[in-house]
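Engineer: This is the structure I have questions about; it appears just below.
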Amino acid sequence: MRLRDKVAVVTGGQRGIGFAIARKFTREGAHVTIADIGNAAEEAASLSAIGANEARFIKTDVGSERDVKSMVDAVVAEHGRIDILVNNAGIEFYKPVTTTTEDEWDRLMRVNLKGVFLCSKAAIPAMRPSGGVIVNVASELGLVGEANVAAYCASKGGVVMLSKAMAIDHGPEGIRVNCLCPGPVSTKLLEEVFLASDDPERMRRSFEQRMVLNRLGTPDECADAALFLASEESSFMAGANLVLDGGWTTR
Ligand SMILES: NC(=O)c1ccc[n+]([C@@H]2O[C@H](COP(=O)([O-])OP(=O)(O)OC[C@H]3O[C@@H](n4cnc5c(N)ncnc54)[C@H](O)[C@@H]3O)[C@@H](O)[C@H]2O)c1
């Protein structure tokens, strides 16, 4: 077990990439808390059934400092510390700036960027005594631009740079911060992007064809990469981007 008795928080762990990460960490021996705005009690119970430790769910809006603080307080009250924080919660929509409303911009930034800030701010003090790891799930769209997805690109570029800045500030105190940058992965988030387009099948095919590997990624592949970043195997990585995008950014 690579995360035996580590105390881990995974935001947005109700479904998709976050759930796959929570499942993998549970199997690897971690005490996992899923912090999600949805109702993930069933998901947490299903993890408890497969892992050595109980997984738990705490309903949390990562964009609310009050929610985040009470979630972190509850984890610390139970375990005394946090070893691993995976900032995974995120939302996406496809629009250029000209048709993005102020509300849409604020809502997306609140989850994708402010959520990473708030959760990290709350968790870092609980990591200090014994060190810790923060894995920020950014995106290939935090590294390269793309048509009609301006706010999302801006938010994920922000996550990449926030991760580097936090790595510099907190590396000396034993807290490693790195980014996971997945390319298109088969989840509800991406499905909803396809469904919102004029021709979902054509958009899906165009995504697949852009990738060297000619296919979408899977949540499990992301979970393997997150496990690497959360474990001692990546002990010399700080402020780095682990790109896992089937070759989207290669050409
Ligand atoms: N799927 C992809 O193609 C892809 C590619 C690159 C990066 N990502 C990133 O990976 C992460 C996970 O994406 P996914 O595809 O699994 O998405 P998803 O929509 O399947 O899951 C996202 C989860 O985040 C939760 N969430 C949303 N708003 C929240 C909030 N305010 N507070 C707490 N939880 C909240 C949702 O309830 C959901 O459980 C996101 O940050 C996303 O931007 C996804």
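The values are calculated or read from the model by the stated rules, or taken from the named source; none is laboratory data. Computed from a predicted model, the values in this text were never measured in an experiment. Note that we place each Cβ from the backbone using ideal geometry, even for glycine, and neighbour counts take in every protein chain shown. The area values use the complete protein model at the heavy-atom level, side chains included, leaving out ligands, DNA and RNA. Shrake-Rupley method; radii C 1.70, N 1.55, O 1.52, S 1.80 Å.
Engineer: Under the rule of at least 5 residues apart or a separate chain, name every residue whose amide H is placed under 5 Å from the amide H of Arg56.
Structural biologist: Placed amide hydrogens put Val32, Thr33, Ile34 under 5 Å from Arg56.
Engineer: Length gain on complete extension for the stretch Ser186 to Asp103, per 0.36 nm per residue less the alpha carbon to alpha carbon distance? Before the final figure, lay out the partial values.
Structural biologist: Values: separation 83, 0.36 × 83 = 29.88 nm, distance 2.71 nm.
Extending this stretch completely gives an extra 27.2 nm.
Engineer: Summarise the accessible area of the chain (1.4 Å probe, protein heavy atoms) by the percent that is carbon and sulfur. Before the final figure, lay out each step's value.
Structural biologist: Numbers: 6000 of 11360 Å².
So the carbon and sulfur contribution to the accessible surface is 53 percent.
Engineer: In nanometres, what is the gap between the two model label sites at Asn39 and Ser206, each 7 Å from Cα along Cα-to-Cβ?
Structural biologist: Once both label points are built, they end up 3.8 nm from each other.
Engineer: Per 5 Å bin, what percent of the C-alpha pairs of the chain does each bin hold, from zero upward?
Structural biologist: 1, 7, 14, 19, 21, 17, 11, 7, 3, 1, 0
Engineer: Right, next: Of the listed peptides 124-134, 227-237, 91-101, what is their order by residue-averaged count of other C-beta atoms within 10 Å, with the highest listed first? Intermediate values should be presented prior to the final figure.
Structural biologist: Details: 124-134: 18.5, 227-237: 16.3, 91-101: 13.7.
Per-residue mean Cβ counts within 10 Å order the peptides as 124-134, 227-237, 91-101.
Engineer: If R0 is 30 Å, what FRET efficiency do you get for Ser48 and Ala196 from their C-beta distance, rounded to 0.05? Don't skip to the end; give the middle numbers.
Structural biologist: Numbers: r = 35 Å, r/R0 = 1.17.
The computed FRET efficiency comes out at 0.30.
Engineer: Any chance you could give the angle, 0 to 90 degrees and rounded to 10, that helix 219-230 forms with the longest Cα principal axis of the chain?
Structural biologist: 50
Engineer: Taking θ = phi - 60°, what integer Hz values does the Karplus form 6.51 cos²θ - 1.76 cosθ + 1.60 yield along segment 85-95, in sequence order, with x for Gly and Pro?
Structural biologist: Running phi through 6.51 cos²θ - 1.76 cosθ + 1.60 with θ = phi - 60° gives 10, 10, 8, 10, 4, x, 10, 8, 9, 9, 7 Hz.
Engineer: With every protein chain kept in place and ligands, DNA and RNA left out, what is the accessible area per residue of the chain? Probe 1.4 Å, answer in Å². Don't skip to the end; give the middle numbers.
Structural biologist: Values: 11360 Å² over 251 residues.
Normalised by residue count, the accessible surface of the chain is 45 Å².
Engineer: Okay, next question. Which distance in nm do the two modelled labels at Asp220 and Ala74 give, with both placed 7 Å along the Cα-to-Cβ direction?
Structural biologist: Between Asp220 and Ala74, the label points sit 3.0 nm apart.
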